[in-house]
Amino acid sequence: MTPFASPRRPIDPVVQLSIRADSDETRRASTWLGEAGSARGIPAEPLWRLDLCMTEALANVLAHGGPEVASNAIELRLDVRASGSGGEASVTVSDRGIAFDPRTVQPKRRPRTLQEAEPGGHGVTFLRQFADALDYSYSEGQNHLTIHVRWNHEKALAEKGLR
Amino acid sequence: MAITYEDVSDSFRRIVLSGRLDSKGTDEIAVKFAALSTAAKRRVLVDLTGISFLASIGIRAVLSNAKALQNNGGRMVLFVGGNSAVAKTLEATGIDTLVPMFANAAEAEKAALG
């Protein structure tokens, strides 16, 4: 080792981003999640699910959060943990909008015909279907929604027929 | 987001969407997508193979246009090829059963024209 070389610093498993409440910023949040998640070793499939759920959670905040959302930042926090042969990642979305727990929303009934189908309302379906777990709390005027995804490298390899 | 189209015949149009169909992406193509899919062409195949991300707002646009087309006596089908993320997203909402979705291009075309 030369006198100028420094040991590589371990990557921080927690990273945060603050965004404004608009669609450009939602896109910026996805870019941030993609880069931060890849750098922390989240595989592509759970990272896609996390991005989809975060995007839908932010869309809900923007559409239904009320006037407080526009005048306050939305805070995002990514946590990544290794566990056994896999890992878990979570994104927490914190906003000052109207209190809303997406876990309490009844799943949308599947329409039988195209004429019966109502555009919209699929965001909560995605949260329920693509997150491995959802946590919600409301404290000091803020919603905190945490979206969890998990993965298992050995299971993924087995499913691809590589094990 | 990019949107292109090809009129295969007088009554059959292929629309190709590519990029990220999130809120920003849907805003970028919404007007053109609606105009192209509900115009005089009665059969429309929407090629989603180049979609890198499909959010619920993008599905909303597909559904609205498919409904409008049906109300005008037309039909829309979706072609996803090997894009499993887009297929999973559509399947999660059940939209794939209302606007037929195909992985095979020839089958998609046959269904659109059938």
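The values are calculated or read from the model by the stated rules, or taken from the named source; none is laboratory data. All values reported here derive from a predicted model rather than from experimental measurement. Backbone-built Cβ (ideal geometry, glycine too); neighbour counts: all protein chains shown.
In this structure, is A:ALA57 buried (at least 20 other Cβ atoms within 10 Å of the Cβ), in contact (Cβ under 8 Å) with a residue 60 or more places away in the chain, within 21 Å of A:GLN129 (Cβ to Cβ) and away from chain B (no Cβ under 14 Å)? For A:ALA57, the condition - buried (at least 20 other Cβ atoms within 10 Å of the Cβ), in contact (Cβ under 8 Å) with a residue 60 or more places away in the chain, within 21 Å of A:GLN129 (Cβ to Cβ) and away from chain B (no Cβ under 14 Å) - is not met. When region B:22-66 is filtered for residues that are part of a helix (DSSP H, G or I), among the basic types (Lys, Arg) and touching a strand residue (DSSP E or B) at 6+ places or on another chain (Cβ under 9 Å), only B:LYS32 remains.
Taken residue by residue, region A:18-29 has at least one member that is away from chain B (no Cβ under 14 Å) and either surrounded by 13 or more Cβ atoms within 10 Å (Cβ to Cβ) or polar (S, T, N, Q) (or both). Of the residues making up region B:12-46, those that are surrounded by fewer than 23 Cβ atoms within 10 Å (Cβ to Cβ), away from chain A (no Cβ under 14 Å) and within 19 Å of B:THR93 (Cβ to Cβ) number 0. Looking only at residues that are among the β-branched types (Val, Ile, Thr) and surrounded by fewer than 23 Cβ atoms within 10 Å (Cβ to Cβ) in region B:47-85, which one is farthest from the other protein chains (Cβ to nearest Cβ)? Taking the candidates together, the pick is B:THR49. Checked against the criterion of being part of a helix (DSSP H, G or I), within 11 Å of chain B (Cβ to nearest Cβ) and surrounded by 13 or more Cβ atoms within 10 Å (Cβ to Cβ), the candidates A:LEU127, A:LEU114 yield just one match: A:LEU127. Among the residues of region A:16-72, write down those that are within 30 Å of A:SER85 (Cα to Cα), among the aliphatic types (A, V, I, L, M) and under 13 Å from the mean Cα position of the chain (by Cα). Of everything in region A:16-72, those that are within 30 Å of A:SER85 (Cα to Cα), among the aliphatic types (A, V, I, L, M) and under 13 Å from the mean Cα position of the chain (by Cα) turn out to be A:LEU17, A:ALA29, A:LEU33, A:ALA36, A:ILE42, A:LEU47, A:LEU50, A:LEU52, A:MET54, A:ALA57. I'm checking my understanding of the structure. Among residues of region B:86-99 that are facing chain A (nearest Cβ under 9 Å), of a type outside the set (A, V, I, L, M, F, W, C) and assigned to a helix (DSSP H, G or I), which one is farthest from B:SER37 (Cα to Cα)? So the residue we want is B:LYS88. Looking across region B:70-85, the residues that are outside any loop (DSSP other than H, G, I, E, B) and in contact with a helix residue (DSSP H, G or I) (Cβ under 8 Å, 6 or more places away or on another chain) come down to B:ARG75, B:MET76, B:VAL77, B:LEU78, B:PHE79, B:ALA85. Within region A:111-122, residues that are at pLDDT 85 or above reach no partner that is small (Gly, Ala, Ser) and exposed (fewer than 14 other Cβ atoms within 10 Å of the Cβ) with beta carbons closer than 6 Å at six or more positions or on different chains.
Would you be able to tell me the number of residues in region B:3-22 that are over 12 Å from the mean Cα position of the chain (by Cα), touching a residue at least 40 places away in the same chain (Cβ under 8 Å) and closer than 23 Å to A:THR55 by Cβ? Count: 0.
Within region A:77-88, the set of residues being in a strand (DSSP E or B) and over 25 Å from A:GLU140 (Cα atoms) comprises A:VAL80, A:ARG81, A:ALA82, A:SER83, A:GLY86, A:GLY87, A:GLU88.
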